[in-house]
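Input: a single structure, listed below in structure tokens.
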Amino acid sequence: MLAMALIATDAVCGTLRQQENDSAQHVRLNETVVTAQSILGSKFRAAHRTGSAYYLSPDEIKKLGYTDINRMLKAVPGVNTYEEDGFGLRPNISLRGTKAERSERISLMEDGILAAPAPYSAPAAYYFPNAARMFAVEVLKGSSQVQYGPFTTGGAINMVSTPVPNRFTGRIEASLGSYGTFKSHLHVGNTAKHVGYLIEYLRYQSDGFNKYAFGNAKGFERNDLIAKLLLKTDKTEGLHHSLELKFGYADEQSDETYVGLSENDFRVNPYLRYAGSQMDEMTTRHKQYVATYQITSAGGIKLTSSAYYNHFYRNWYKLNDIRAGFGSKQKRTLEQVLADPETNHLYFDILTGKSDYDGEGLIVRANQRTYRSRGVQTKMDYHLNSGDCWWDLELGLRFHKDEEDRFQWDDGYSMQSGKMQMFLPGIHGTQANRITSASAFAGYGLAKLKYKKLSVSAGVRYEDIDLLKKDYTKADIQRTGKVREETPNHARVLIPSLGINYQIMRELSAFVGVHKGFAPPSAELYQEAEKSLNTETGIRLFTGNLRIELIGFYNYYSNMLGSDLAAAGGQGTLDQFNVGQARVKGAEFLFQYQPLPQWWHVKLPLQLSYTYTNTEMRNAFESSSWGIVAVGDAIPYIYKHSLNAQLGIEYKGFEANLGINHKGDMRTAPGQGVIANSEKVPAHTIWDASAKMKINKHFRVMLNAVNLTNARYLVSRHPAGLRAGHPLGISLGVSATF
């Protein structure tokens with residue numbers, strides 16, 4: 001995947017070009033088409049690819065006023081998410097049944113640039129771009145996304161940041177809501193002939209809905225700053241040049257924890273925080289630098305090149321173990337204590353603050369890590385119209401390096417009258433002292449042909465990856481190199497893809513796709529990469545204000561990889577392990593309809609989406625994260641059924657929307673048959689709503705609500721204990737444009 005620019009997959013030839021333009025006219029009139037930093041750029045282009053894709057437009061994002069990426073993506077078929085914190089700070093996203101934990105099996109991008117802190121060497125990192133500042137979100141699945149690696153099994157997500165405007169534009173938005181939730185978002189920009197700029201700032205904070213027995217938790221505070229400078233020529237003929245420089249800074253201070261609740265406490269008060277988690281805190285800082293140069297010729301050639309650098313620091317200081325005596329046998333993990341608080345009542349009473357402990361009773365780990373990624377990428381697009389045929393050729397190259405630097409330690413705390421007191425500070429570097437790095441070269445070629453009613457897209461991707469883990473161990477915390485364990489690994493792969501679309505009639509088309517799935521291995525000696533064969537087939541119907549899409553998919557893994565994540569109940573080493581053979585099959589359904597004629601001046605937009613995902617592991621194994629797994633067991637944390645409906649009404653300056661999301665029962669551990677209560681997230685239905693009133697052409701008032709019925713529902717049993725979803729939350733906001 002090199003350099004992500006717009007791919008002309010909706011190119012047409014002959015008389016079909018006019019027909020497709022006519023069918024898309026109502027879409028284009030209401031959409032801003034982004035061409036510089038996006039992959040799709042519009043709903044029309046997403047709907048006319050040879051594979052499955054979804055464009056979450058700016059208007060769609062604003063409809064329900066979401067700041068949570070989990071809620072933004074719930075209407076996208078084929079997407080499976082589960083929450084941890086209720087605000088979408090650290091989402092777990094799966095595309096077509098890939099592992100959801102920490103979104104580690106998707107190619108995450110911002111403006112076409114890899115956004116994960118270390119996508120090759122440590123993909124399971126707790127980082128996701130702040131969705132509240134995004135202009136659009138693009139989701140690609142199946143053969144439609146094979147050029148956007150390194151993860152090609154499920155799909156790719158591209159977060160499109162606010163573009164530099166072509167005229168002087170500014171917007172200020174502020175909202176205040178339940179639990180002290182506050183958001184302020186402003187941006188201003190302009191382009192004057194050869195120079196353009198954009199300045200954007202987002203502040204997002206909340207006190208949170210969880211409370212200790214002795215008072216409120218501290219919640220979170222997040223800041224985002226984006227600055228862009230655009231230099232360009234204004235030629236309409238010949239060569240056109242543009243250079244965009246982008247700088248981004250983000251930080252977070254949040255009272256977040258791995259500690260959930262016991263079954264009994266969740267039933268009584270799902271929003272309780274235990275006293276043993278009062279020192280838990282996440283601190284992050286993120287910087288990004290991107291330079292993108294683009295040259296376009298009148299002959300149909302476009303060359304886009306980018307250089308990028310990302311730096312991400314995080315220290316999640318959080319409770320890891322509990323001790324109720326001397327010796328290693330007197331120590332229990334959080335998972336052990338909360339899974340069986342009766343047997344482990346001595347440890348549980350220390351955790352909850354019921355019992356004092358004058359000693360190293362609460363062991364808090366400083367999970368301090370620094371991530372760096374940098375690279376250069378370039379892509380060439382060439383478009384040729386030859387009679388009744390339209391050709392599109394795309395070639396891309398990328399050289400990328402990233403690393404994860406772990407330098408962690410444990411501090412011991414006592415418990416005194418419900419308050420934690422430092423008992424024994426730890427020695428820095430004694431719990432993890434290693435650097436894992438990766439160097440990767442990627443290239444791809446993609447050719448597309450449209451002839452009359454037939455569109456064919458064929459491509460191949462190449463990945464060559466070197467991985468190295470340097471473990472200095474606790475014997476060399478100064479990293480002199482005198483003590484060091486080095487573990488290398490290497491992966492090389494060719495990833496072909498083929499997509500075919502046939503227009504049966506003007507309103508109806510069918511498509512089929514096949515591609516190879518791939519995910520890099522970790523720096524473990526002789527560990528193989530994840531490999532799969534993935535197929536999809538679907539139909540699309542467009543007529544008037546009606547759109548229907550039905551897709552079936554089947555992914556067969558010859559070698560699936562799992563990860564030892566503390567978030568999934570493991571030891572937290574992040575080392576991957578071989579799951580072996582597995583299969584995922586499912587269906588995606590999308591229905592969009594606006595029944596009222598245009599002359600009524602009233603719109604009633606309706607959208608219905610449904611995803612069915614069936615997973616099955618085809619061999620037995622045992623791991624620290626998943627335990628004992630038998631043939632036929634389902635992959636955990638994947639909802640089998642997910643249904644979403646949105647109904648709106650629009651009249652002149654008023655707009656109201658209602659969203660309904662239903663998720664069926666979900667397993668939290670591998671298994672089959674009836675789900676045990678201790679391994680289940682029960683089915684739940686959540687209602688959200690929003691209303692907007694346009695005061696004049698510059699001012700709007702907005703009212704948003706999440707979880708209208710104030711349902712108390714479980715979203716996860718990991719990392720440790722039960723976690724609740726967001727309760728009823730209401731916010732009132734205003735926006736001004738100029």
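Couple of notes before you dig in:
- Only one of Q278, Q288 that is more than 20 Å from the chain's Cα centre (by Cα) and surrounded by 16 or more Cβ atoms within 10 Å (Cβ to Cβ): Q278
- Matching residues in the range 349-388 - criterion: being open to solvent by 70 Å² or more (accessible area, probe 1.4 Å), touching a residue at least 12 places away in the same chain (Cβ under 8 Å) and outside any strand (DSSP E or B): D356, D388
- When residues of the range 591-645 are limited to those that are more than 30 Å from Q581 (Cβ to Cβ) and assigned to a loop (DSSP other than H, G, I, E, B), the one most open to solvent (accessible area, probe 1.4 Å): H601
- Looking across the range 539-565, the residues that are assigned to a strand (DSSP E or B), crowded, with 22+ Cβ neighbours inside 10 Å and modelled with pLDDT under 95 come down to M560, L561, G562, S563.
- Only one entry of L643, L608 meets the criterion of being under 30 Å from P719 (Cβ atoms) and aliphatic (A, V, I, L, M), and that entry is L643.
- Enumerated strands (runs of 3 or more DSSP E) restricted to the range 438-521, each holding at least 3 residues that are touching a residue at least 12 places away in the same chain (Cβ under 8 Å) and of a type in the set (V, I, T): 454-471, 485-505
- Verdict on T257 being among the β-branched types (V, I, T), within 19 Å of M109 (Cα to Cα), surrounded by 19 or more Cβ atoms within 10 Å (Cβ to Cβ) and in contact with a Ser or Thr (Cβ under 7 Å, 6 or more places away or on another chain): no
- Residue within the range 172-181 that is touching a residue at least 60 places away in the same chain (Cβ under 8 Å) and open to solvent by less than 10 Å² (accessible area, probe 1.4 Å) present: no
- Residue within the range 329-348 that is open to solvent by less than 50 Å² (accessible area, probe 1.4 Å), assigned to a strand (DSSP E or B), in contact with a Lys or Arg (Cβ under 7 Å, 6 or more places away or on another chain) and among the charged types (D, E, K, R) present: no
- Flag if Y127 is more than 11 Å from the chain's Cα centre (by Cα), modelled with pLDDT under 95 and either open to solvent by 10 Å² or more (accessible area, probe 1.4 Å) or on the phi < 0 side of the Ramachandran plot (or both): no
- Here E237 meets each of (1) assigned to a loop (DSSP other than H, G, I, E, B); (2) surrounded by 16 or more Cβ atoms within 10 Å (Cβ to Cβ) with one exception, condition (2).
- Qualifying residues in the range 693-736 (those that are out of contact with any helix residue (DSSP H, G or I) (no Cβ under 8 Å at 6 or more places or on another chain) and of a type in the set (K, R)) - the one least open to solvent (accessible area, probe 1.4 Å): R723
- Candidate set from the range 389-427 (those that are free of Cβ contacts under 8 Å to residues at least 60 places away in the same chain and part of a loop (DSSP other than H, G, I, E, B)); member that is farthest from E360 (Cα to Cα): I427
- Of note, T67 does not satisfy the criterion of being crowded, with 22+ Cβ neighbours inside 10 Å, closer than 26 Å to G219 by Cα, out of contact with any Cys (no Cβ under 8 Å at 6 or more places or on another chain) and without any contact (Cβ under 8 Å) to a residue 40 or more places away in the chain.
- Any chance R723 is outside any loop (DSSP other than H, G, I, E, B) and either modelled with pLDDT of 95 or more or of a type in the set (V, I, T) (or both): yes
- Candidate set: the range 291-307, residues that are touching a Phe, Trp or Tyr at 6+ places or on another chain (Cβ under 7 Å) and part of a strand (DSSP E or B); chosen: the one surrounded by the most Cβ atoms within 10 Å (Cβ to Cβ): S305
- Residues in the range 467-502 that are surrounded by 12 or more Cβ atoms within 10 Å (Cβ to Cβ) and among the polar types (S, T, N, Q): T473, T487, N489, S497, N501.
- Y148 vs. criteria open to solvent by 10 Å² or more (accessible area, probe 1.4 Å) and of a type outside the set (A, V, I, L, M): no
The values are calculated or read from the model by the stated rules, or taken from the named source; none is laboratory data. The structure displayed is predicted, hence computed values, not measured ones. Don't worry about glycine lacking a Cβ; one is built from the backbone with ideal geometry, like all the others, and counts go over all protein chains shown. Note: areas computed on protein heavy atoms with side chains; ligands, DNA, RNA excluded. Shrake-Rupley method; radii C 1.70, N 1.55, O 1.52, S 1.80 Å.
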